[in-house]
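One structure is given here, and the rest of the page talks about it.
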Amino acid sequence: MSKKSIIARQRKRERMVAKYAEKRKMLKEQGLWEELDKLPKNSSRVRLKNRCQITGRPRGYFRKFGISRIKLREMALNGIIPGITKASW
């Protein structure tokens, strides 16, 4: 599990991206680069990192489920995720 401060920082960035999305889009279309520079750096989408929604783990992230490989395996084995079964051949 990631540190709570790292998870909180990520959530803060997600809120800032959502808040400034329309403004950033408008400024980019108009080509007002100086005004775009004055916006907070954390309002840019490229500063977001894919993290597990449960543990905050940054690596081994599955986009389809929004969780890490470890939690995906645990939940699949417990039958929490429908349609996912352990492979056997």
Tabulated pairs, segment 1-18, first in the same structural domain as SER43 (by TED's automatic domain parsing), second among the β-branched types (Val, Ile, Thr) and surrounded by 14 or more Cβ atoms within 10 Å (Cβ to Cβ), C-beta under 9 angstrom, 6+ apart or interchain
MET1/ILE7; MET1/ILE54; MET1/THR55; SER2/THR55; ILE7/THR55
With the requirement that a residue be buried (at least 16 other Cβ atoms within 10 Å of the Cβ) and assigned to a loop (DSSP other than H, G, I, E, B), what does segment 62-80 give you?
PHE65
Given (1) in contact with a helix residue (DSSP H, G or I) (Cβ under 9 Å, 6 or more places away or on another chain); (2) modelled with pLDDT of 90 or more; (3) of a type in the set (D, E, K, R), where does GLU74 come up short, assuming only one miss?
(1)
On the given criteria, is MET75 of a type in the set (A, V, I, L, M, F, W, C) and outside the structural domain of ARG13 (by TED's automatic domain parsing)?
yes
If I filter segment 28-62 down to residues being free of Cβ contacts under 8 Å to residues at least 12 places away in the same chain and within 21 Å of the chain's Cα centre (by Cα), which single residue comes out as farthest from ARG73 (Cα to Cα)?
LYS41
Restricting to segment 2-61, and then to whatever is surrounded by 12 or more Cβ atoms within 10 Å (Cβ to Cβ) and on the phi > 0 side of the Ramachandran plot, can you tell me which residue is modelled with the lowest pLDDT?
GLY56
May I ask you to list the residues in segment 31-45 that are under 24 Å from LYS4 (Cβ atoms) and not in a loop (DSSP other than H, G, I, E, B)?
LYS41, ASN42, SER43, ARG45
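The values are calculated or read from the model by the stated rules, or taken from the named source; none is laboratory data. Predicted, not measured: the structure shown is a model, and the values here were computed from it. Please note: Cβ atoms are built from the backbone with ideal geometry, for glycine as well, and neighbour counts cover all protein chains shown.
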